[in-house]
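For reference, the structure is listed below as structure tokens.
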Amino acid sequence: MEVPKLQIPAPRGTNDILPGAQFKWQDSARWQHLEAEIARICHQYGYAELRPPVFEHTELFARGVGATTDVVQKEMFTLMPRGDEEGQTLTLRPEFTAGMVRAYLENGLFNQSQPTKIWTAGPAFRAERPQKGRYRQFHQWDVEIFGAQDPAADAEVIEIGLELARRLGAGELLVSLNSLGCPVCRPVYREQLKAHFRPVIHEFCSDCQRRLEANPLRVMDCKADAGHPAQRTAPLMIEHLCAECDTHWKSLQSHLRALRIQYQVDPRIVRGLDYYTKTVFEVLHPNLGAQNTLWGGGRYDGLIEELGGKPTPGVGFAMGMERMLLVLDELGVAPPPPARMDCFVVALGEAAKERAVGLVYQLRRLGLSADLDLLGRSLKAQMKYAGKVGARYAAIIGDNELAQGVVALRDMDAATQTQVPLAPEALAAAVRAG
Ligand code: AMP
């Protein structure tokens, strides 16, 4: 395949989503299928779509995601706006929850009957070092429930993701679960963690040394220091939960058992973002290599208040759409059959061409997928092209057909031909009947 050397190629870490892509996960038909399944399942589970903007004030992410997180400290694409916004920077969303909460508050959704169950899907941006499954522009499906404290809400958001994965054919997934406690029990635990790590913190990376006092939980899951013995012997949050968090934790697990969801308790999951309370979870796929987390989420009962609302519980998750499609490729899941063109109108000569233009327009108005040659090709070349684009029928119009008021309708699969009146309704009916 010849590819020109471009003076301006795509930025690093971005992907084109293409018709008939060489790598199936980049095929736009797969994306359309995934997006349609997402919209369908959200409707079935009672979630409504909310589309926040792609950028927000930088401060929203600093407050909502956490100023000490990698996402905020190292990975944000921040823009310098002009004019009336000067002085205030904007940032391309690195995740969705902060924007969803802002939109919920700003539009008064809390005044409607509660809980608010909302979803969104689209691009997110992080300045990470690109590799397979990790990009600078990637896509997430995000699901949130605002206003429900019940552990059944945690179970539901875990279940909806798994159900989508099952419908797509994503195979066996590994669900890992933890609890991060709440403002009552976590501070006590954090002090224990700090005391545990302090004597050996000089053996950890510079990030950990810096964040031990502000965010000791991150020292637990630091990838750079993975395997340090102090990580293995650290005290665990789930052993230090307050009564309320412990009840929530146990109730969530009994809901998951009732839903027959297999999971493992992994006390080391802390998740990258600061806002989580109580439940956190991650879902992995064993085939995905280094970037094997398909999605993650949890409960964030303090976030809505942090962003200016009344104290309101929240729970949700974000699934990486590229990673989900990569898994389907890895497993060899066949893409959905492409939607076929119903009818390619083949015209020979000027008069027939003029008639064909009108006919195609009418067929499209009647709801069919129809097209015609725009390159002045020969009859043979037009037929070949109709085959290439996968048309179900070719409707051929030449001088003879024009004179007789008919078209020759060729069934491209059966290689048979019939005559149909040269009228859009008759032609559409014949195509539909086939
Ligand atoms: P996070 O908000 O970091 O928990 O991300 C949720 C999910 O989004 C992850 O489990 C990934 O599937 C996906 N994801 C996060 N960052 C990236 C990235 N840079 N490229 C591709 N997918 C990502």
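The values are calculated or read from the model by the stated rules, or taken from the named source; none is laboratory data. In this text the structure is predicted, and so the values were computed from the model without any measurement. Positions of Cβ are backbone-derived with ideal geometry, glycine not excepted, and every protein chain shown enters the neighbour counts.
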Of residues in segment 51-96 being closer than 29 Å to K117 by Cα and charged (D, E, K, R), the one nearest to the ligand (Cβ to nearest atom): E95
- prompt: Does any residue of segment 218-240 turn out to be away from the ligand (no atom under 16 Å from the Cβ) and within 14 Å of P151 (Cβ to Cβ)?
  reply: no
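Matching residues to (1) among the acidic types (D, E); (2) surrounded by 11 or more Cβ atoms within 10 Å (Cβ to Cβ); (3) assigned to a strand (DSSP E or B):
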position	(1), (2), (3)
E2	yes, no, no
G20	no, no, no
A29	no, yes, no
H33	no, yes, no
A39	no, yes, no
query: Has segment 97-107 got any residue that is of a type in the set (K, R) and either at pLDDT below 95 or closer than 23 Å to E35 by Cβ (or both)?
result: no
- line: Condition set within 26 Å of the chain's Cα centre (by Cα) and among the acidic types (D, E), scope segment 207-266, selection farthest from L180 (Cα to Cα): answer is D221
task: Tell me the helices (runs of 4 or more DSSP H) entirely within segment 123-234 that contain at least 1 residues that are β-branched (V, I, T).
output: 151-168, 186-197, 216-220, 229-233
task: Just give me the residues in segment 80-96 being outside any loop (DSSP other than H, G, I, E, B) and modelled with pLDDT under 90, in sequence order.
output: G83, D84, E85
- request: Tell me, yes or no, whether segment 384-392 has at least one residue that is more than 21 Å from P19 (Cβ to Cβ) and in contact with a Leu (Cβ under 9 Å, 6 or more places away or on another chain).
  value: no
message: Just the residues that are small (G, A, S) and in contact (Cβ under 8 Å) with a residue 24 or more places away in the chain, please, taken from segment 200-224.
response: A214
message: Taking the conditions exactly as written (assigned to a helix (DSSP H, G or I) and not charged (D, E, K, R)), does I269 satisfy them or not?
response: no
- prompt: Just checking, how many residues over segment 293-308 are touching a helix residue (DSSP H, G or I) at 6+ places or on another chain (Cβ under 8 Å), assigned to a loop (DSSP other than H, G, I, E, B) and crowded, with 17+ Cβ neighbours inside 10 Å?
  reply: 2
message: Just to verify a result, which residue in segment 41-58, among those that are over 15 Å from the mean Cα position of the chain (by Cα) and assigned to a helix (DSSP H, G or I), is nearest to L162 (Cα to Cα)?
response: Q44
- request: Considering every residue within segment 24-46, establish whether at least one is modelled with pLDDT under 90 and within 21 Å of L168 (Cα to Cα).
  value: yes
query: Residue check, M80 against (1) over 23 Å from L217 (Cα atoms); (2) within 19 Å of the chain's Cα centre (by Cα), all met but one. Which one?
result: (2)
message: Just to be sure I understand, how many residues within segment 280-314 are within 14 Å of the ligand (Cβ to nearest atom), out of contact with any Pro (no Cβ under 9 Å at 6 or more places or on another chain) and within 30 Å of C245 (Cβ to Cβ)?
response: 13
Criterion violated by V345 - all others in (1) within 11 Å of the ligand (Cβ to nearest atom); (2) over 25 Å from D246 (Cβ atoms); (3) in a strand (DSSP E or B); (4) not aromatic (F, W, Y) satisfied: (1)
- request: For segment 100-110, indicate whether the set of residues that are surrounded by 22 or more Cβ atoms within 10 Å (Cβ to Cβ), part of a helix (DSSP H, G or I), of a type outside the set (A, V, I, L, M, F, W, C) and touching a helix residue (DSSP H, G or I) at 6+ places or on another chain (Cβ under 8 Å) is non-empty.
  value: yes
statement: Picked from segment 232-286 (must be under 20 Å from C222 (Cβ atoms) and basic (K, R)), the residue surrounded by the fewest Cβ atoms within 10 Å (Cβ to Cβ) is R232
- prompt: What pairs come up if the first residue lies in segment 6-20 and is closer than 12 Å to F138 by Cα, the second is not in a loop (DSSP other than H, G, I, E, B), and their beta carbons are under 7 Å apart, counting only those six or more places apart or on different chains?
  reply: G13/Q137; T14/Q137; N15/Q26; D16/Q26; I17/Q26; I17/S28; I17/W31
task: Could you please let me know if Y275 is in contact with a strand residue (DSSP E or B) (Cβ under 7 Å, 6 or more places away or on another chain), within 16 Å of the ligand (Cβ to nearest atom) and not aliphatic (A, V, I, L, M)?
output: no
task: Quickly run through segment 352-363 and pick out the residues that are surrounded by 14 or more Cβ atoms within 10 Å (Cβ to Cβ) and small (G, A, S).
output: A352, A356
